[in-house]
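Down below is the structure, laid out as structure tokens.
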Amino acid sequence: MSRLRIWSAFSIVSVSVGGTIAIALSAHSALAQDWPTRPLTLVVPFSAGGSSDVIARVVAEGLRGELGQSVIVENIGGAGGMLGASRVAKAAPDGYQLVLGNVGTHAQNQSVYGKPLYDAATDFAPVGLVADQSLVLLARKDFPADNLQGFIAYARANQAKLQYGSSGVGGSNHLACVLLNAAIGIDIAHVPYRGGGQAMQDLIAGRLDYQCPSGPVALPQIEGKTVKALALLRKNRSPSMPGLASAHEQGLTDFDIPTWYALFLPKGTPPAIVQVLHKATVAALDMPSVQKGLIEVGSDLVPPERRSPEYLGKFVANEIDKWAKIIKASGVQLN
């Protein structure tokens, strides 16, 4: 009799818990079916005109077509991209605010800054990778070197006279030049700007000697011959810039600074919404117009096996660990 009572009580609890779970799953499913009912905001954690901004606008247009809602791109720069990313990390987890993160905001900043504004591994819901990119060593048009070895020789002999620029302290292109400088043994004055576009304008005007921007910022100037492209800061050449020799093949053995871009929602966003946005992102990345837009600005397409939220979550954790070791060895540290 007591066993029957126990079993009956357990059955009631089981039905109650099961019913609660079923109701919750049904609610999430209904929410996902209705979502989105209004425009989304895609935060770019850097100023307009830089590589993140260019990629975001290409992807946003593809998402608009898939979701049936506008995707508004909002630029919120500062602190190496942490201000914009932090706003999304703290936003309501309803799917209406997302951020285009990159290797700087979601890997390097975790070690570059003594007190990062968020935990990139736990404060976001990963959606998927959208683009790979290479960083490029660009010099002013009249720089007295035409390749990496010539640059190294001249920079070592003229360190006190040179300046390099970046889109801001702590950004991926700043860190790329810091690591390059350390690898070749030079100490050059850094001029930070409020965006990659401003830094590029001063390089074109000859007020800077070099910088290390990503493909979308570099490619139009390379094609327009307004600057000198000296090396791809990778071990291998990029499909989007096959004619530019890598640092590795020019004698800087194993030097490799890849960068990437991915979409993230706030932690706690219902999994059903994450999946809807993920499927829309994958569909957008398969659009010929989106692929053409990404390739034209110097991005490499992400293969299907690297697009899932699960892959991105593991990838970010590995990238944080990888860059922590590199940054510690370089001695780079910002407050």
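The values are calculated or read from the model by the stated rules, or taken from the named source; none is laboratory data. Given the structure is predicted, the values throughout are model-derived calculations rather than measurements. Virtual Cβ from ideal backbone geometry, glycine too; neighbours counted across all protein chains shown. All accessible areas refer to the heavy atoms of the entire protein, side chains included, with ligands and DNA or RNA removed. Shrake-Rupley method; radii C 1.70, N 1.55, O 1.52, S 1.80 Å.
List of remarks:
- Rounded to the nearest 20 debye, the dipole magnitude of the range 49-182 is 500 debye, with +1 charges on Lys and Arg beta carbons, -1 on Asp and Glu beta carbons, and the Cα centre as origin.
- Span from the the range 138-180 Cα centroid across to the the range 50-67 one, whole angstrom: 31
- Accessible surface calculations at 1.4 Å, restricted to protein heavy atoms, place the range 120-165 at 37 Å² per residue.
- Solvent-accessible area, 1.4 Å probe, carbon plus sulfur percent, for the chain: 56
- The charge dipole of the chain, taken about its Cα centre with unit charges on the Cβ of Lys, Arg, Asp and Glu (plus for the first two, minus for the last two), comes to roughly 500 debye.
- At R0 = 41 Å, FRET efficiency that the Cβ-Cβ distance of ALA317 and GLN149 yields, to 0.05: 0.65
- Heavy-atom accessible area per residue - the range 196-243, 1.4 Å, Å²: 40
- Solvent-accessible heavy-atom area per residue, rounded to whole Å², over the range 62-102 at 1.4 Å: 36
- Toward the positive end of the charge dipole of the chain, with +1 on the Cβ of Lys and Arg and -1 on the Cβ of Asp and Glu, the farthest Cα among VAL99, SER86, TRP260 is that of SER86.
- Cα shape, the range 157-204, gyration tensor, a/c 1.5 rule: oblate
- Of the residues GLY114, LEU277, HIS248, the one whose Cα sits farthest towards the positive end of the charge dipole of the chain is GLY114 (charges of +1 on Lys and Arg Cβ, -1 on Asp and Glu Cβ, taken about the Cα centre).
- Lysine pairs with alpha-carbon atoms under 14 Å apart, the chain, spacing 8 or more or separate chains: 4
- Here the chain carries DSSP beta bridges of which approximately 60% are antiparallel, counting only pairs with both residues inside.
- In the elastic network of the chain, a GNM with C-alpha springs shorter than 10 Å, the most mobile of GLY81, GLY101, GLY114 is GLY114.
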